[in-house]
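The values are calculated or read from the model by the stated rules, or taken from the named source; none is laboratory data. Worth saying up front: this structure is predicted, and the values here are computed from it rather than measured. Quick reminder, even Gly has a Cβ in these numbers, built from the backbone with ideal geometry, and neighbours come from all protein chains shown.
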Amino acid sequence: MPRVLAIDYGQKRTGIAVTDEMQIIASGLTTVDTPKLMDFLKDYFAKENVGKVLVGEPKQMNNEPSQSAAMIDDFVEKFKLQFPDMELERADERFTSKMAFQTMIDSGLKKKQRQNKSLIDEISATILLQDYLVRKKI
């Protein structure tokens, strides 16, 4: 079974998470500088069997797109051009950053470690992917 990869796209950094081959567990993979993201994905897709990519869709509480939605929409269009055969799905990413930060607190990370924005991005992508796996089972 192919893996599912989740992307928490950001202007500076992008968090990436991936499932195992059985699509049971979501794990943080890495955080990539956003300008290097397409090269990273090209290399990763060449090495791993990925069947679907989830891209976070930022929304406000009233379900309207957030300010960063246009930037992410641009990325999605470029992604579709670069990887036309890859299935892409958008997923609501509201609260993933807050949940990621709370996860860091609950894990006992020190304040200095919790300030690592790269780690927050990676955990956010993992939460996005784990939520997808839970919804898929329902």
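Observations
- Residue in the stretch 77-111 that is modelled with the highest pLDDT, counting only those that are of a type in the set (A, V, I, L, M) and in contact with an Asp or Glu (Cβ under 9 Å, 6 or more places away or on another chain): 91
- Check on residue 52, surrounded by fewer than 16 Cβ atoms within 10 Å (Cβ to Cβ) and either within 14 Å of the chain's Cα centre (by Cα) or basic (Lys, Arg) (or both): no
- Filter result for residue 66 (surrounded by 14 or more Cβ atoms within 10 Å (Cβ to Cβ), modelled with pLDDT under 65 and small (Gly, Ala, Ser)): yes
- Every test in (1) more than 12 Å from residue 9 (Cβ to Cβ); (2) at pLDDT below 95; (3) touching a Pro at 6+ places or on another chain (Cβ under 9 Å) is passed by residue 51 save one, and that test is (2).
- Checking 42, 52 one by one, the residue that is among the basic types (Lys, Arg) and farther than 19 Å from residue 137 by Cα is 42 and no other.
- Taken over the stretch 1-35, residues that are in contact with a strand residue (DSSP E or B) (Cβ under 8 Å, 6 or more places away or on another chain), polar (S, T, N, Q) and not in a strand (DSSP E or B) amount to 2.
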